[in-house]
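One structure below.
The values are calculated or read from the model by the stated rules, or taken from the named source; none is laboratory data. Since the structure is predicted, the reported quantities are computational estimates derived from the model, not experimental observations. Note that we place each Cβ from the backbone using ideal geometry, even for glycine, and neighbour counts take in every protein chain shown. When the accessible area is computed, the model is the full protein with side chains, heavy atoms only, and any ligands, DNA or RNA have been set aside. Shrake-Rupley method; radii C 1.70, N 1.55, O 1.52, S 1.80 Å.
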Amino acid sequence: MPRPRMLILSFSPISTDARVLKQVKYFVEHYDVTTCGYGPAPDGVERHLEMPAGVPNKLDGRLITARAYRAVYWRQAAVSAARELLRGTEADVVLANDLDALPLALSLRPRLGVHADLHEYFPRLHEENEKWRRRIGPYMSWLCRRYLPRAASVSTVSGGLAREYEREFGVPVQVVTNAAPYAELEPTPVADPVRPVHSGACLRSRNIHLMVEAMAPLAGRYTLDLYLTPNHPDYLAELRARAAELGNVVVHDPVPYRDLVTTLNDFDLGVFVLPPVSFSYAHALPNKVYDFAQARLGIVVGPSPEMVDLVETARNGVVTAGFAVEDLVTALEGLTPARVAELKRESHTHAHALSAEAEVEKWGRAVARILEPVA
């Protein structure tokens, strides 16, 4: 019997996209997988359709103003390029990553259906920006209303986002967290000074300088290392300059995702205090907190409900009182080396429970239900 044919579609560099890579790794064991996205082919796929570099999805402002939303979507350069690449591609099921992939996935008319995996809550993605909220938010809501009900199944990254999609658009949404693959590691001894670390995108809206500024009154007791991708180069330059002034902060280039957890294992605490400037940020449950757990770090987070639930359940972290610099300073001042070591041990104890293996099975079951006519 031939294996079912799956297309995994993502407007991202798939070989470095942690969430999409987990999909690829799981499904190549069960299906003949074709991928379409930027960059080189991920390991194990039957075929990869590489999007041309430097061809992004960019919305036409005039069409947005005219609310010609169908034309807005289909005239995007990346959508057009992917549509051409995918011409003649046949699939039993398509796994569409994020909202901008869903209309294209549905247009391909896979034999049995489309699973949509939404990495953010798109109608309120940048609601802190008034212009975006007024102009782009309604377009994102239109995409959701028009296309989400046509997906065979839908998943997203946290309970808060799932509940809002269900409330607003009337579709059932399953939670598949950004848990990292299990890593065979041990907690390292607590350093003196204690070594917090943060990894991820260098986005100004994430207020990374909050973590940097918290190091000023903690010199001698703490250092901070940052592994940042250059999403906003001007902001990254500002962080590097401030780090040089402080002396106990170092900004590193990013490391490949395959090396990230082992790199983080050298540190003591994973830190992420994310101000709730948007709905998605308020309900964030990012991959980095799972990376921290697999690296056997204690975790320090702000009072974001999804992250609070994780560290309180695993007993492997502390929660700041708020989202200000002084809140992070207070939380770190309250930690002793012995307490940090205890938090690291709890991450070790819960590493299996917090790993990706159980989570990716949820995608597997969702796709299996779509493919039931094949069986």
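What shape does the range 185-341 take by its C-alpha gyration tensor, where a ≥ b ≥ c are the square roots of the eigenvalues and a/c under 1.5 counts as rounded, a/b above b/c as prolate, and the rest as oblate? Note, shape of the range 185-341 comes out rounded. Here are some values of Cα Rg over 2.2 N^0.38 Å: (i) 1.01; (ii) 1.16; (iii) 1.10. Which one was computed from this structure? Here the calculated entry is (i).
Between 0 and 90 degrees, the angle of helix 18-27 with respect to the longest Cα principal axis of the chain falls at about 50 degrees. A Gaussian network model of the chain, with springs between Cα atoms under 10 Å, assigns the largest mean-square fluctuation among Ala241, Ala101, Ala356 to Ala241. Accessible surface for Arg167 stands near 150 Å², nearest 10, in the context of the full protein assembly shown (1.4 Å probe).
The 3J(HN,Hα) values that the Karplus relation (6.51, -1.76, 1.60; θ = phi - 60°) gives for the range 345-362 are, in residue order, 5, 5, 4, 5, 4, 9, 4, 5, 5, 9, 8, 6, 4, 6, 6, 5, 4, 5 Hz. Gly and Pro appear as x.
Please give the FRET efficiency for Ala244 paired with Arg204, using the beta carbon to beta carbon distance and R0 = 22 Å, rounded to the nearest 0.05. All intermediate terms of the calculation are to be shown ahead of the outcome.
Details: r = 19 Å, r/R0 = 0.87.
Efficiency, rounded to the nearest 0.05: 0.70.
If the limit is 26 Å between Cα atoms, which of Lys22/Lys288; Lys131/Lys362; Lys58/Lys131; Lys131/Lys288; Lys25/Lys288 go over it? Could the numbers behind the result be given before it?
On the way: Lys22/Lys288 15 Å; Lys131/Lys362 37 Å; Lys58/Lys131 16 Å; Lys131/Lys288 29 Å; Lys25/Lys288 19 Å.
Correct reply: Lys131/Lys362; Lys131/Lys288.
State whether the range 219-274 is rounded, prolate or oblate according to the following rule on the C-alpha gyration tensor (a ≥ b ≥ c being the square roots of its eigenvalues): a/c under 1.5 gives rounded; otherwise a/b larger than b/c gives prolate, and the remaining case gives oblate. Oblate.
Once you list every other residue whose beta carbon is under 13 Å from the beta carbon of Glu128, what net charge do they have if Lys and Arg are +1 and Asp and Glu are -1?
Details: positive: Arg124, Lys131, Arg133, Arg134, Arg204, Arg206; negative: Glu127, Glu130.
The answer is +4.
For the chain, the longest principal axis of the C-alpha atoms and the axis of helix 159-169 are separated by about 30°.
Using +1 on the beta carbon of Lys and Arg, -1 on that of Asp and Glu, and nothing else charged, what's the dipole of the range 261-367 about the Cα centre, debye to 20?
Values: 8 positive and 14 negative charges, 41 e Å.
Roughly 200 debye, rounded to the nearest 20.
A Cβ-based charge dipole, computed about the Cα centre of the range 1-58 with Lys and Arg at +1 and Asp and Glu at -1, lands at about 160 debye. Between the beta carbons of Ala338 and Ala77, assuming R0 = 51 Å, the FRET efficiency works out to 0.40 to the nearest 0.05.
Close amide H contacts of Val154 (hydrogens built in the peptide plane, cut-off under 5 Å, sequence separation of 5 or more or a different chain): Ala116, Gln174.
Once the Cα atoms are used to define both axes, helix 305-314 deviates from the longest principal axis of the chain by about 60 degrees. For Asp117, the shell of other residues with beta-carbons less than 13 Å away shows a net charge of -2, using +1 for Lys and Arg and -1 for Asp and Glu. Within the straight-line cut-off of under 16 Å between alpha carbons, the aspartates and glutamates reachable from Lys344 are Glu184, Glu186, Asp192, Asp266, Asp268, Asp291, Glu312, sequence neighbours fewer than 8 places apart in one chain being disregarded. Working note: Karplus 6.51/-1.76/1.60 with θ = phi - 60° gives the range 265-272 the couplings 4, 6, 9, 10, 9, x, 10, 8 Hz, where Gly and Pro are set to x. Dipole magnitude for the chain: about 1600 debye, using +1 per Lys or Arg Cβ and -1 per Asp or Glu Cβ, origin at the Cα centre. Hey, in the GNM for the chain with a 10 angstrom Cα cutoff, which one of Ser80, Ser107, Ser199 fluctuates hardest? Between Ser80, Ser107, Ser199, it is Ser107 that shows the largest mean-square fluctuation.
Please work out how much length the chain gains when fully extended from Arg150 to Thr330, using 0.36 nm per residue of separation minus the C-alpha to C-alpha distance, in nm with one decimal.
Values: separation 180, 0.36 × 180 = 64.80 nm, distance 4.86 nm.
Contour length minus the Cα-Cα distance gives 59.9 nm.
Compute the length gained on full extension between Thr262 and Ala353: take 0.36 nm times their separation in residues and subtract their Cα-Cα distance, giving the result in nm to one decimal. Before the final figure, lay out the partial values.
Values: separation 91, 0.36 × 91 = 32.76 nm, distance 1.87 nm.
So the chain would gain 30.9 nm between Thr262 and Ala353.
How would the range 324-371 be classified by its alpha-carbon gyration tensor: rounded, prolate or oblate, with rounded meaning a/c under 1.5 and the a/b versus b/c comparison settling the rest? It comes out oblate by the Cα gyration axes.
Run the helix sum for the chain: -39,500 (n - 2.57) per DSSP H stretch of 4+ residues, divided by residue count, reported at 222 nm to the nearest 500 deg cm²/dmol. Present the calculation step by step, with values, prior to reporting the outcome.
Numbers: 17 runs with 150 residues, N = 375.
The helix-only estimate for the chain comes to -11000 deg cm²/dmol at 222 nm.
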